[in-house]
Amino acid sequence: MSRTKKETIQSVKGMRDIFGEILNYHQYIEKKAREIASFYGFLEIETPVVEKAELFIKSEEQGNPVVEKEMYSFRTKGGDFLALRPDNTPSIIRAYFENGFQGWPQPVLLSYGGLFYRHESPQQGRYREFRQFGLEILGETKSFADAFIIYVFCNILKDLGFKNFIVHLNSLGDKTCQKQHRRELVSFLRRKKNYLCAECKKRAKTNPLKFFDCKNPKCQELKSQAPLIINYLCDECKSHFKETVEILDELSIPYYLDSTLVRGLDYYSRTVFEIFSKEAEPNLALSLCGGGRYDYLAKMLGFKDLAGIGGAFGQERIAELMKSKGLSRELVMKEKPRIFFAQIGESARKKALVLLEELRNEKIGAIHGIFKDNLRNQLKIAGELQIPYAIIFGQKELIDKMIMVRDMKTGGQENIPQEKMVEYFKEKLGIRN
Ligand code: HAM
């Protein structure tokens, strides 16, 4: 269909441009998460955004909406069936085997960040293109790994300024427990079929566990009567869960045993978790982070057996909450340039580049108005960006080998010799190196 003259091209529904203050939050979150993950021994990995669609199809049970409706998939001219990744866990397993990580000392701890794509209904905190930061431990069956993953995510949230969060925790058991539970659940859902929503009627045949994830009020009401997987755990799964909870107790992690937590993706066994913030408004109480154990996933994908536990947090949800509640605002803003370099006149413009380079070499963040001529306009930009100091550099300063520094809050100005500029700002901005 051809566009009418007036229509302009806009971004794709559920995908947005990110800039300004919210981008500062994203960058701060990424930096902090990377630092903490690296401290705890996670090796960073980047996997492609596009994978064979089969990788994600095989990772889910038939009837899972993430695969059925939400995956962006396409056929290439060469006939390959590819997809934009909806999540990274299947790709991490592929990368583990493809790159020979099984020959490394086990377990292998990996971290990643990047863009993910799901064709969901967009709303606040739910987008079609979104960012995740994830952690995975591969080749470890012990419950310590489950608690460790949760612990590291909680440390990231704490460092970002979250004080009031809670880990929802459940166990989905292993294949044996799941089989028995599924039988009971299917029979329960059959008995209650007249009260179920249309979607859950279908799910009862294909993916009954998803009933616990249903937001329909009628189905929600039935949840309390439904057989819960936690009551069907075998002795091994029971002790794995008990050990995980005991470690979390010792680490003083706030948790809530949520026996209806099943997760949106299907590849989980044993521990599953989601982290919520009490800082969020109740109507926006979306999970900030989610994950669990996936000991069967490698086999589902056609690889050898491989135990795994991991999780990922949604950067948009965290960034938006941090911004609206002002969490770590000072620290986030500190990452912003704190000097605006304003210059006037052609000769000053050239020398301004030399002075800017001196600041850059000393890692002192500064931005400039090098393409502007008017001082007032440049200072206006500095004010709008809430930059604390402006350097004013014109013909007089050029001849006198000085710079003029304006404190943007008080309006006070002082003249500083050019050779003292770096020293002056290091002291003003508290930069030590
Ligand atoms: P997930 O729960 O689907 O798990 O996603 C993890 C987090 O990503 C969610 O808690 C949420 O914060 C964010 N998220 C998910 N969908 C959206 C969306 N449409 N818009 C914005 N944010 C979103 C996974 O993806 C698993 N791969 C996690 C994992 C790693 N499990 C084991 N290892």
Where a residue in the stretch 317-339 is within 18 Å of Glu279 (Cα to Cα) and its partner, wherever it lies, is away from the ligand (no atom under 16 Å from the Cβ) and open to solvent by 50 Å² or more (accessible area, probe 1.4 Å), with Cβ under 7 Å and at least six apart: Lys323/Glu21
Unmet requirement for Gly125, which otherwise passes all of (1) at pLDDT 95 or above; (2) within 10 Å of the ligand (Cβ to nearest atom); (3) open to solvent by less than 40 Å² (accessible area, probe 1.4 Å): (1)
Which numbered condition Ile156 misses (of (1) more than 13 Å from the chain's Cα centre (by Cα); (2) open to solvent by less than 40 Å² (accessible area, probe 1.4 Å); (3) β-branched (Val, Ile, Thr)): (1)
In the stretch 369-419, the residues that are within 42 Å of the chain's Cα centre (by Cα), exposed (fewer than 15 other Cβ atoms within 10 Å of the Cβ) and outside any loop (DSSP other than H, G, I, E, B): Arg376, Asn377, Lys380, Gly383, Glu384, Asp407
For Leu353: the one exception among (1) part of a strand (DSSP E or B); (2) away from the ligand (no atom under 15 Å from the Cβ): (1)
Checking Ser252 against (1) polar (S, T, N, Q); (2) crowded, with 17+ Cβ neighbours inside 10 Å; (3) under 24 Å from the mean Cα position of the chain (by Cα), the condition it does not meet: (2)
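The values are calculated or read from the model by the stated rules, or taken from the named source; none is laboratory data. Bear in mind that the values here come from a model prediction, so they are computed numbers and not experimental data. Here the Cβ is made from the backbone with ideal geometry for all residues, glycine too, and neighbour counts use every protein chain on show. Side chains are part of the model used for accessible areas, which takes the heavy atoms of the whole protein and leaves out ligands, DNA and RNA. Shrake-Rupley method; radii C 1.70, N 1.55, O 1.52, S 1.80 Å.
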